[in-house]
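Working notes for the structure below.
Read-outs throughout are calculated quantities, based only on the coordinates presented, and are distinct from any laboratory measurement. Being a predicted model, the structure only gives us computed values, none of them experimental. For neighbour counting, all protein chains shown are included, and Cβ atoms are generated from backbone atoms with ideal geometry for every residue, glycine included.
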Amino acid sequence: MKQDTFNQFCSIIYERSGISLGDKKEALVAARVGKRTRQLGLDSIEDYLIYVQKDGTGDEIIHLLDAISTNVTYFFRETEHFNAITQCFLEWLSHGKRTFRFWSAGCSSGEEPYSIAITLLEALLNRPLPDIKILATDLSTKVLTTASAGIYDSKKVENLPETILRKYFVSDNNEYHINDSVRSLITFSRLNLSAIPFPMNGPMDMILCRNVMIYFDQPFRKQLISEYHRLLKPGGYLLVGHSESLTGLINGFKTIAPSIYIKI
Ligand SMILES: C[S@@+](CC[C@H](N)C(=O)[O-])C[C@H]1O[C@@H](n2cnc3c(N)ncnc32)[C@H](O)[C@@H]1O
């Protein structure tokens with residue numbers, strides 16, 4: 001791909017999603033954009049760039065961002081976070097709290113919000129179900145379709161204990177369907193994290209934005225964290241991926257563990 005073409009793709013992608021692609025990502029962009037170019041029957045990546053630029057419907061940018069975003073995820077990724085969720089949920093319940101608002105920001109194909117829902121249901125044991133709502137959002141329409149369907153092949157659930165599979169999934173041939181008790185707690189929606197301020201007012205009890213901000217630059221991360229601060233209740237939690245450092249970015253939060261922050 002020509003350097004200028006790469007630069008133009010980088011600018012479009014940054015403007016429309018906040019995803020910051022360094023020079024080392026040229027091969028990745030060429031491969032992913034090349035696939036879309038062939039799907040459309042276009043001759044070259046340069047032709048595809050023109051196609052994106054001239055598309056008045058705005059649909060092609062969604063395909064481009066779908067192609068570029070990295071969607072790796074799995075059930076109960078970073079287990080300590082789910083232990084922390086159990087701990088604070090039980091503490092909140094013991095203080096009489098009955099309304100819970102969670103947000104999985106950058107939920108990918110749904111494993112993260114479903115893991116939150118299963119964690120909460122497991123923690124409840126035989127207690128009555130309180131008012132729990134989990135908002136799950138992503139930029140990519142492709143992953144959101146999978147997330148909403150809640151159907152996973154056996155490979156995706158191979159590390160889940162048999163008891164969890166039996167309680168929260170319905171198996172059908174080689175597929176595992178999330179059951180209604182879990183599905184009903186979650187609302188999936190497309191939301192671009194670069195479109196700050198977000199169209200909701202919270203207040204949220206907990207926001208998980210894990211393994212998403214790694215794709216953003218520092219000024220954008222800072223803006224995003226202050227938007228999360230606005231949406232959280234005092235005492236609400238922000239969880240980020242274990243490998244993400246928010247040093248110098250997190251005003252108005254107290255660190256309680258390396259990737260767990262509380263709004264003060
Ligand atoms: C690596 S996945 C992380 C999934 C999950 N949070 C986890 O930790 O397993 C990153 C997700 O962030 C989403 N993403 C990237 N940029 C985004 C943006 N500007 N707005 C919303 N979602 C975005 C991608 O589509 C992708 O599904």
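For the pair residue 24 and residue 97, a Förster radius of 51 Å applied to the C-beta separation gives a FRET efficiency near 0.65, rounded to the nearest 0.05.
Using only alpha-carbon positions in the chain, the gyration tensor eigenvalues give semi-axes of 34, 23, 15 Å once each is multiplied by 5 and square-rooted (largest first). Pull up the DSSP beta bridges for the chain and report the antiparallel fraction as a percent, rounded to 5. Rounded to the nearest five, the antiparallel share is 45 percent. Summing Lys and Arg as +1 and Asp and Glu as -1 over all other residues whose Cβ lies under 11 Å from the Cβ of residue 157 gives a net charge of -3. Here the extension length gained between residue 189 and residue 43 equals 49.1 nm, from 0.36 nm per residue of separation less the Cα-Cα distance.
Placing +1 on each Lys and Arg Cβ and -1 on each Asp and Glu Cβ, with no other charges, gives the chain a dipole about its Cα centre of roughly 700 debye.
Which net charge results when you count Lys and Arg as +1 and Asp and Glu as -1 among the other residues whose beta-carbon is under 11 Å from that of residue 36?
Net charge around residue 36: +1.
Between the helical axis of 111-124 and the longest alpha-carbon principal axis of the chain there is an angle of about 0 degrees. If every alpha-carbon in the range 3-68 counts as one equal scatterer, what log10 I(q)/I(0) does Debye give at q = 0.24 1/Å? With no solvent term, the Cα-only Debye profile gives -1.11.
With charges set only on the Cβ (+1 for Lys and Arg, -1 for Asp and Glu), what does the dipole of the range 118-188 come to about its Cα centre, in debye to the nearest 20?
Values: 8 positive and 9 negative charges, 27 e Å.
My answer is approximately 120 debye.
Label-to-label distance, residue 14 versus residue 200, with points set 7 angstrom from Cα along the beta-carbon direction: 3.0 nm. The length gained on full extension between residue 233 and residue 256, counted as 0.36 nm times the residue separation minus their Cα-Cα distance, comes to 6.7 nm.
Net charge within 12 Å of residue 258 by Cβ-Cβ distance, Lys/Arg positive one each and Asp/Glu negative one each, not counting residue 258 itself? Let's see the in-between values first.
Details: positive: none; negative: 78, 80, 244.
Every neighbour counted, the sum reads -3.
A Gaussian network model of the chain, with springs between Cα atoms under 10 Å, assigns the largest mean-square fluctuation among 190, 77, 38 to 38.
Counted residue by residue at 0.36 nm each, then reduced by the alpha carbon distance between them, the extension gain from residue 166 to residue 242 reaches 24.4 nm. Between residue 72 and residue 4, the simple spin-label model (points 7 angstrom out along Cα→Cβ) gives 3.5 nm.
Among 34, 241, 18, determine the one that fluctuates most according to a GNM of the chain built with springs between C-alpha atoms less than 10 Å apart. With Cα springs under 10 Å in the chain, the top fluctuation among 34, 241, 18 is at 34.
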